[in-house]
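**Student:** The structure is given below, and queries will be raised subsequently.
The values are calculated or read from the model by the stated rules, or taken from the named source; none is laboratory data. These figures come from a predicted structure and were not determined experimentally. Cβ coordinates were reconstructed from backbone atoms using ideal geometry, including for glycine residues, and neighbour counts include every protein chain displayed.
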Amino acid sequence: MNTLKLWRTFKEGKENFIRNGWLTFATISILSLSLFIVSLSFLLGTTSHLVLQNMREKVSINVSFNPDVPEERIVSIQNELKGYTKEVASVEYISREDALKQFLSESGNDPVIAQAVQEIGENPLLASIVIKAVRPDQYETIVESLKKSTFQNDISRINYEKNKKIFERLNRISETTQRVGLILGSLFIFIAVLITFNTIRITIYSHRQEFEIMRLVGASNIYVRMPFVFEGALYGLVSSVVTMIFLSVVSYYIAPYTNGAMAIGNFMDLYQHYAFFIFLTLVAFGVTLGVFSSAIAIRRYLKA
Amino acid sequence: MSQEETIIRFENVSKVFPGDAVILADVNISFRSGEFVSIVGASGAGKSTLLKLIYAEEIPTSGEVYFSERPVGKINRKHLPFFRRNIGTVFQDFKLLPQKTAFENVAYALEVDGRSTADINEEVPEILSIVGLGRKMHQFPKQLSGGEQQRVSLARALIHRPKVIIADEPTGNLDPVASEEIIRLLLEINSFGTTVLLATHNKGIVDKLGKRVVLIDNGRIIEDHDKSKYILK
């Protein structure tokens, strides 16, 4: 098949696509809906993952030291902890002065509080270190090691216990959402493939009488087949564009509810970040699906 | 150009469909180049099958059909589209592509051949005006009358300048006036040297033609008259 004929079969496919009107509309609706559900479940899965990640990042262990522990001692403990790179992601030292400044700024620089602190005459806050773990399930281990460490007597208190329950729940949610997302995603992809294949089969079935005519006036099998393959590709392409529009609208409305829930920003920012990747994937998936469905569905109508 | 040269020849051809339905039984007949032959017989007599064997839509169960001394049954299915460009076909149900205009339906036969767009834009309007549809070439089949649709179909059959036109009940769906118009066109095509095989059971048409008539009954050739009248029982 030369380029002239290939170009003609493409035009033929494009023309079918436009002139089929209602059937084209139905096919695109179904394909778009399938692609939309698959990409939305991808985006929601990613969102829940990022929200949890964001929450985890806010989780930390706060170790307060007794007032008589000198700063050098705390810094050396900090350095020692930094050595456990597999478990400890970061260790931040907060001196008594920093803690006071932070406390005052968090209380909105209230003059009454500032005065109260002054009346005590001495900084009432303790120096502390803030430890972040590499993985959330490591907090427990870190706390246990701190309690048994050589500096256990220097520690005034570890405020992890009270957060323990929240951490455990977070871990469970994270695991569940990932598993559910994977299962739902695969299920929807499977459904999308089935529906699209069947819709295209119906489209081709509605043309079956034309194949005989085409062959009768001298069209080769490949010449009969190519327009439908191109038509299938167009279904994929247009459906991908339609899906992107749907996703934009949905993201726009979801966005306000997700402000600040993720490091990346809100749902719209996430969508925009992934938009190009999603579009490419949809086009690749949609076009492949369209092309293969058409190619397979038409086979039975073309005698060898 | 020799009028006597045989273009199509059936040699002991039988066609049996599954279930031992004998459609054609031991048919021997030839058609000469430039002839106008009416093939008549009741429905189911085997007229259509006889014609289908010529353009290789069917393959004989036994025997052989020759087209220009080439055995049709032995043509590789891959080469069939090329072979079919020698034969123009017209049917009772027109067989037009519903989503293409008259122009596009005719152009399609040239497009599949890989002909240039310039050629197509020149030849298609020409042939459509020959069949009297010059002004309606951008209409879709459903916007045309039955007679007009059949003329589009005829234009498409002619576009490759085939050696043979096979018309299988071309007037079956048409009123008498439209039928007459189609027959007139077939005669005109024949007058330029194209062989025409016309299957019909329209007595009036065949009688008026005064050309060769072949009568088929039960898969056998019963009568074969030159310049004779068709006498229906």
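**Student:** Filter segment A:194-251 for residues that are away from every other protein chain (no Cβ under 14 Å) and basic (Lys, Arg) and give the result.
**Tutor:** A:Arg201
**Student:** How about segment B:145-197: which of its residues are among the hydroxyl-bearing types (Ser, Thr, Tyr), assigned to a helix (DSSP H, G or I) and buried (at least 23 other Cβ atoms within 10 Å of the Cβ)?
**Tutor:** The answer is B:Ser153, and nothing else.
**Student:** For B:Gly34, indicate whether it is in a helix (DSSP H, G or I), of a type in the set (Gly, Ala, Ser) and touching a residue at least 12 places away in the same chain (Cβ under 8 Å). Spell out how you get there, then give the answer.
**Tutor:** Values: in a helix (DSSP H, G or I): no; of a type in the set (Gly, Ala, Ser): yes; touching a residue at least 12 places away in the same chain (Cβ under 8 Å): yes.
So B:Gly34 does not fit the description; no.
**Student:** Return the residues of segment A:77-134 that are hydroxyl-bearing (Ser, Thr, Tyr) and in contact with an Asp or Glu (Cβ under 7 Å, 6 or more places away or on another chain); say none if nothing qualifies.
**Tutor:** First pass over segment A:77-134, keeping only residues hydroxyl-bearing (Ser, Thr, Tyr): A:84-85, A:90, A:93, A:95, A:105, A:107, A:128.
Answer for segment A:77-134, where residues must be hydroxyl-bearing (Ser, Thr, Tyr) and in contact with an Asp or Glu (Cβ under 7 Å, 6 or more places away or on another chain): just A:Ser95.
**Student:** Under 6 Å by Cβ, and 6 or more places apart or on different chains, what pairs join a residue from segment A:268-290 that is assigned by TED's automatic domain parsing to the domain that holds A:Val249 and at positive phi with one that is surrounded by fewer than 19 Cβ atoms within 10 Å (Cβ to Cβ) and among the hydroxyl-bearing types (Ser, Thr, Tyr)?
**Tutor:** Nothing qualifies.
**Student:** Let me ask another. Filter segment A:17-27 down to the residues that are in a helix (DSSP H, G or I) and surrounded by fewer than 21 Cβ atoms within 10 Å (Cβ to Cβ) and list them by number.
**Tutor:** Residues of segment A:17-27 that are in a helix (DSSP H, G or I), as a first pass: A:17-19, A:22-27.
If the condition is that a residue be in a helix (DSSP H, G or I) and surrounded by fewer than 21 Cβ atoms within 10 Å (Cβ to Cβ), then A:Ile18, A:Arg19, A:Trp22, A:Leu23, A:Thr24, A:Phe25, A:Ala26 are the ones that fit.
**Student:** Which one of these does B:Leu53 not meet: (1) more than 19 Å from B:Asp168 (Cα to Cα); (2) at pLDDT 90 or above?
**Tutor:** (1)
**Student:** So, one more: Where residues in segment B:98-114 are assigned to a loop (DSSP other than H, G, I, E, B) and within 21 Å of B:Val164 (Cα to Cα), which of them is farthest from the other protein chains (Cβ to nearest Cβ)?
**Tutor:** If we filter segment B:98-114 for residues that are assigned to a loop (DSSP other than H, G, I, E, B), which is where we start, we get B:98-101, B:112-114.
Subsequent filtering for residues that are within 21 Å of B:Val164 (Cα to Cα) retains B:112-113.
On the way: B:Val112: 4, B:Asp113: 6 Å.
By that ranking, first place goes to B:Asp113.
**Student:** Another question, then. With the structure loaded, tell me whether B:Lys95 is at pLDDT below 90 and either assigned to a helix (DSSP H, G or I) or within 12 Å of another protein chain (Cβ to nearest Cβ) (or both) or whether it fails that test.
**Tutor:** Numbers: at pLDDT below 90: no; either assigned to a helix (DSSP H, G or I) or within 12 Å of another protein chain (Cβ to nearest Cβ) (or both): yes.
Answer is no for this residue.
**Student:** Then there is this: So which residues in segment B:49-82 are of a type outside the set (A, V, I, L, M, F, W, C), crowded, with 20+ Cβ neighbours inside 10 Å, within 14 Å of chain A (Cβ to nearest Cβ) and assigned to a helix (DSSP H, G or I), if there are any at all?
**Tutor:** Within segment B:49-82, B:Pro81 is the sole residue that qualifies.
**Student:** Same structure, new question: Check A:Asn62 against each of (1) part of a helix (DSSP H, G or I); (2) under 30 Å from A:Pro124 (Cβ atoms) and name the one condition it does not meet.
**Tutor:** All conditions are met except number (1).
**Student:** Filter segment A:3-16 for residues that are among the hydrophobic types (A, V, I, L, M, F, W, C) and surrounded by 17 or more Cβ atoms within 10 Å (Cβ to Cβ) and give the result. Steps first, please.
**Tutor:** Looking only at segment A:3-16, we keep the residues that are among the hydrophobic types (A, V, I, L, M, F, W, C), and these are A:4, A:6-7, A:10.
Correct list: A:Phe10 only.
**Student:** Take the residues in segment B:115-137 that are more than 22 Å from A:Thr9 (Cβ to Cβ) and not in a helix (DSSP H, G or I), then tell me which one is farthest from the other protein chains (Cβ to nearest Cβ).
**Tutor:** Only one residue fits best here, namely B:Gly132.
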